[in-house]
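Presented below is the structure to which this report refers.
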Amino acid sequence: MTIDRAVMFFAGFMVLLSLGLGLYVSPYWFWLTAFVGVNLMQSSVTGFCPAAMAFKKLGFKPGVAFR
């Protein structure tokens, strides 16, 4: 799995997790959904993504977007 795919998988997982927690635990968890969305937009503009850096340190192969 490349870093690009790992970042997309992680972002999707976090969105679904925060939606579930927001529905069943507390609506404050929806802020995590907003944070993930803002972080995705920010990384698409600047190229800086903390998750991509973490996956790189874990040994994932670089993809097209995060080298």
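A short reminder: the numbers here are calculations on the coordinates, not readings from a lab. Computed from a predicted structure; not experimentally measured. We place every Cβ from the backbone using ideal geometry, glycine too, and count neighbours over all the protein chains shown.
As a check on your grasp of the helix formula, calculate [θ] at 222 nm for the chain: sum -39500 (n - 2.57) over DSSP H runs of n ≥ 4, divide by the residue count, round to the nearest 500.
Taking each H run of at least 4 residues, the total per residue is -23000 deg cm²/dmol.
How big is segment 3-57 by the Kirkwood estimate over distinct Cα pairs, in Å?
For segment 3-57, inverting the mean 1/r across all distinct Cα pairs yields 11.7 Å.
What is the angle, in °, between the Cα long axis of helix 3-24 and the longest principal axis of the Cα atoms in the chain? Nearest 10 is fine, range 0 to 90.
The answer is roughly 10 degrees.
Would you please put 40-48, 1-9, 15-23 in order of how densely packed they are, using the mean number of other Cβ atoms within 10 angstrom per residue and starting with the highest?
Per-residue mean Cβ counts within 10 Å order the peptides as 1-9, 15-23, 40-48.
For the chain, find the longest principal axis of its Cα atoms and tell me its angle to the long axis of helix 30-46, 0 to 90°, nearest 10.
With both axes taken from Cα atoms, the answer is about 20 degrees.
Return the distance in nm (one decimal) between the two label points of a simple spin-label model at V64 and R5, each offset 7 Å from Cα along Cα→Cβ.
For the pair V64/R5, the computed spacing is 1.4 nm.
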